[in-house]
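The values are calculated or read from the model by the stated rules, or taken from the named source; none is laboratory data. Computed from a predicted model, the values in this text were never measured in an experiment. FYI the Cβ positions are ideal-geometry reconstructions off the backbone, even for glycines, and counts take in every protein chain you see. The accessibility values were calculated without ligands, DNA or RNA, using every heavy atom of the protein model including side chains. Shrake-Rupley method; radii C 1.70, N 1.55, O 1.52, S 1.80 Å.
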Amino acid sequence: MGNSGISGGSRKLVIVVAIAALLVALHSIFSQLSAPRVYDADDTEITVSAGDRFSVRVPGDPAGGYRWIIAEPRPDPAVLKAADTHGDSGGPPPAATGRYLAFEAVRPGRTDLRLLRCRRCGSGAAEEKGARSLNFRVTVG
């Protein structure tokens, strides 16, 4: 019979290294699956499961004095709610290149989410100079 050229100790080391690599890969996959999903302004159709948390990344404008709000008509609160952004919400932190608004899918259904960039953000905010809106259809399965 032939010898494969790999000793018993080397074979065990190869198996241990392969198992370690598999565990690292599985951890990476599960971390990505459990992390809140981030949608961009051009992701107008959002599909999530009940209980999921997700964020919408909106363009940042710290020097212009604009901020983003959830505009009227507000999404159906039985389907979607704004997530608590105080403390550790599990969402991504604010970034210099944009801002994140966090949401939580409550129960199955479909609702519209309209975000508005405004300065005063009061009555008539959509007509303010420099105002911008983003519209999303959110489906919770």
Q | region 96-136: number of residues that are of a type in the set (Gly, Ala, Ser), farther than 19 Å from residue 52 by Cα and under 18 Å from the mean Cα position of the chain (by Cα) | A | 2
(Q) So residue 55 ticks every box in (1) in contact with a Leu (Cβ under 9 Å, 6 or more places away or on another chain); (2) open to solvent by 50 Å² or more (accessible area, probe 1.4 Å); (3) at pLDDT 70 or above; (4) of a type in the set (S, T, N, Q) but one. Which box is left unticked? (A) (2)
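Assess whether residue 62 counts as being surrounded by fewer than 16 Cβ atoms within 10 Å (Cβ to Cβ), in a loop (DSSP other than H, G, I, E, B), at pLDDT 95 or above and out of contact with any Ser or Thr (no Cβ under 6 Å at 6 or more places or on another chain). Working first, answer last.
Numbers: surrounded by fewer than 16 Cβ atoms within 10 Å (Cβ to Cβ): yes; in a loop (DSSP other than H, G, I, E, B): yes; at pLDDT 95 or above: no; out of contact with any Ser or Thr (no Cβ under 6 Å at 6 or more places or on another chain): yes.
In short, no.
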(Q) Conditions first: (1) modelled with pLDDT of 95 or more; (2) open to solvent by less than 30 Å² (accessible area, probe 1.4 Å). Residue 98 passes all but one, so which condition is the exception? (A) (1)
**Q.** Residues of region 75-89 satisfying the condition of being at pLDDT below 95, part of a loop (DSSP other than H, G, I, E, B), open to solvent by 40 Å² or more (accessible area, probe 1.4 Å) and not hydroxyl-bearing (Ser, Thr, Tyr)
**A.** 84, 86, 87, 88
